[in-house]
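Novice: If you scroll down you'll find the structure; I have some questions about it.
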Amino acid sequence: MKMCITTTAVALALAAQVAWAESPRSEPVQPVPVANISQPALAELGKKLFFDPRLSKSGFISCNSCHNLSMGGTDNLKTSIGHNWQQGPINSPTVLNSSLNLAQFWDGRAADLKEQAGGPIANPGEMAFTHELAIGVLQSIPGYVAEFEAVFGKNELDIDMVTDAIAAFEETLVTPHSPFDQWLLGDDDAITEQALAGYQLFKQSGCVACHNGPNLGGTSFQKMGVVEPYRSDSDAIGRAAVTGKDADRFTFKVPTLRNVELTYPYFHDGEAATLEEAVDIMGRLQLGRVYSEQEIGQIVAFLKSLTGEQPRFELPILPPSTNETPAPEPFG
């Protein structure tokens, strides 16, 4: 089943290349490709699992808790809330367009969406379950057993099947047709003059060195604080936690700027409360440039033009638990 996930990712990449080729404007940014759903039954199963809080020890936290699809695919908190109201160590990145990233998590410790999907379930600070217990819950629910058998051809569940399905659903969560994408495709009236001025300033300043491609980010790891050091109370050390190299301290995956007006607060520690504050900080710390209030307004207008069509679908109705389904432990 891993092959079908890879095939979907390849299809998205090819669609991005097609969108780029069809764009009449030669820019370092390309339109977000429309999702090519090659495995609809798998994605539908993944949607149920994404919304199901029974994959957590408390029976209260689901994937959607931290990646709320009604709120830009995030939770709009500085750091997320985990099991027993534990404060998370880092800001929750958006799940929208995450299939376009080179890796997952701020430090890139998961190579793809499938690997990422299994992490929070077993993290004691997040969903606080184990993979074995999660599979036991699902195996006790006949509705799930039947659906897994229909999709995978067997009724014995395992965590690979679960993460395959969640990843397949997450790959459908793309946001095409933003006003800026319409401008890229030739519609001169799709964005305001202020937004266009902001994009030109965005390019001229060098922001596109890191924020480029269909996702305007997500394709490289960069040091936070190039010209000036970034001061933070966060314990997150970035890529160094994965590589063990001191040179990678405070190096993080460049976040996407797609739908950025919805995904506040900003940065890995959530310390920038507004887009204006984020633009000001990034200008000074990364570029050595102090933007005027007018310039910040222009760049923010451009960033707001990156909000695309949000995923729309029927809310899944989850199969009911049975007498054999282990009871949740919300305060355990």
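Novice: Among the candidates L285, L303, L257, single out the residue that is in a loop (DSSP other than H, G, I, E, B) and either under 22 Å from S220 (Cα atoms) or at pLDDT below 95 (or both). It would help to see each step written out before you state the result.
Specialist: On the way: L285 fails: in a loop (DSSP other than H, G, I, E, B); L303 fails: in a loop (DSSP other than H, G, I, E, B).
So the residue among L285, L303, L257 that is in a loop (DSSP other than H, G, I, E, B) and either under 22 Å from S220 (Cα atoms) or at pLDDT below 95 (or both) is L257.
Novice: Looking at L96, L49, can you tell me which residue is touching a Lys or Arg at 6+ places or on another chain (Cβ under 8 Å) and either aliphatic (A, V, I, L, M) or at pLDDT below 95 (or both)? Please lay out each step first, then the result.
Specialist: Numbers: L49 fails: touching a Lys or Arg at 6+ places or on another chain (Cβ under 8 Å).
Testing whether each residue is touching a Lys or Arg at 6+ places or on another chain (Cβ under 8 Å) and either aliphatic (A, V, I, L, M) or at pLDDT below 95 (or both) leaves just L96.
Novice: Out of segment 260-271, which residues are among the acidic types (D, E), in a loop (DSSP other than H, G, I, E, B) and open to solvent by 60 Å² or more (accessible area, probe 1.4 Å)?
Specialist: To start, the set of residues in segment 260-271 that are among the acidic types (D, E) comprises 261, 269, 271.
Remaining after also requiring in a loop (DSSP other than H, G, I, E, B): 269, 271.
Passing the criteria: only E271.
Novice: Of all residues in segment 229-253, count the ones that are open to solvent by less than 40 Å² (accessible area, probe 1.4 Å) and either on the phi > 0 side of the Ramachandran plot or among the hydrophobic types (A, V, I, L, M, F, W, C) (or both).
Specialist: Pass one, segment 229-253, residues open to solvent by less than 40 Å² (accessible area, probe 1.4 Å): 234, 236, 238, 240, 248, 251-253.
With the extra rule that they be either on the phi > 0 side of the Ramachandran plot or among the hydrophobic types (A, V, I, L, M, F, W, C) (or both), the set shrinks to 236, 238, 240, 252.
Summing the residues that are open to solvent by less than 40 Å² (accessible area, probe 1.4 Å) and either on the phi > 0 side of the Ramachandran plot or among the hydrophobic types (A, V, I, L, M, F, W, C) (or both) in segment 229-253 gives 4.
Novice: Next question, about the same structure. State yes or no: is F221 under 21 Å from the mean Cα position of the chain (by Cα) and aromatic (F, W, Y)?
Specialist: On the way: under 21 Å from the mean Cα position of the chain (by Cα): yes; aromatic (F, W, Y): yes.
Answer is yes for this residue.
Novice: May I pose another question? How many of the residues making up segment 101-139 are assigned to a loop (DSSP other than H, G, I, E, B), within 17 Å of the chain's Cα centre (by Cα) and surrounded by fewer than 17 Cβ atoms within 10 Å (Cβ to Cβ)? Before the answer, list the steps.
Specialist: In the first step, residues of segment 101-139 are kept if they are assigned to a loop (DSSP other than H, G, I, E, B); the result is 101-103, 105-109, 111-112, 123-130.
Keeping just the survivors that are within 17 Å of the chain's Cα centre (by Cα) gives 101-103, 105-109, 111-112, 126.
Those left that are additionally surrounded by fewer than 17 Cβ atoms within 10 Å (Cβ to Cβ): 102, 109, 111.
Residues flagged as assigned to a loop (DSSP other than H, G, I, E, B), within 17 Å of the chain's Cα centre (by Cα) and surrounded by fewer than 17 Cβ atoms within 10 Å (Cβ to Cβ) within segment 101-139 amount to 3.
Novice: Turning to a different aspect of this structure: Check F302 against each of (1) surrounded by fewer than 21 Cβ atoms within 10 Å (Cβ to Cβ); (2) in contact with a helix residue (DSSP H, G or I) (Cβ under 7 Å, 6 or more places away or on another chain) and name the one condition it does not meet.
Specialist: The single condition F302 does not satisfy is (1).
Novice: Any residue in segment 308-330 that's closer than 30 Å to N259 by Cα: show its pairings with residues that are assigned to a loop (DSSP other than H, G, I, E, B) and of a type in the set (A, V, I, L, M) at Cβ separation under 7 Å, as long as the two are six or more apart or on different chains.
Specialist: Listed pairs, sorted by first residue: G308/V32; P311/L69; P311/L173.
Novice: When both residues are 6+ apart or on different chains and their Cβ atoms are under 7 Å apart, which pairs have a first residue that lies in segment 175-192 and is free of Cβ contacts under 8 Å to residues at least 12 places away in the same chain, and a second that is open to solvent by less than 70 Å² (accessible area, probe 1.4 Å) and part of a loop (DSSP other than H, G, I, E, B)?
Specialist: Q182/A190
Novice: Listed residues T256, T274; which is hydroxyl-bearing (S, T, Y) and buried (at least 16 other Cβ atoms within 10 Å of the Cβ)? Walk me through how you get there before you give the answer.
Specialist: Details: T274 fails: buried (at least 16 other Cβ atoms within 10 Å of the Cβ).
Every option except T256 fails the conditions.
The values are calculated or read from the model by the stated rules, or taken from the named source; none is laboratory data. Small disclaimer: the values here were computed from a predicted structure and weren't measured. Virtual Cβ from ideal backbone geometry, glycine too; neighbours counted across all protein chains shown. For the accessible areas, the whole protein counts, side chains as well, though only heavy atoms, and no ligand, DNA or RNA atoms are used. Shrake-Rupley method; radii C 1.70, N 1.55, O 1.52, S 1.80 Å.
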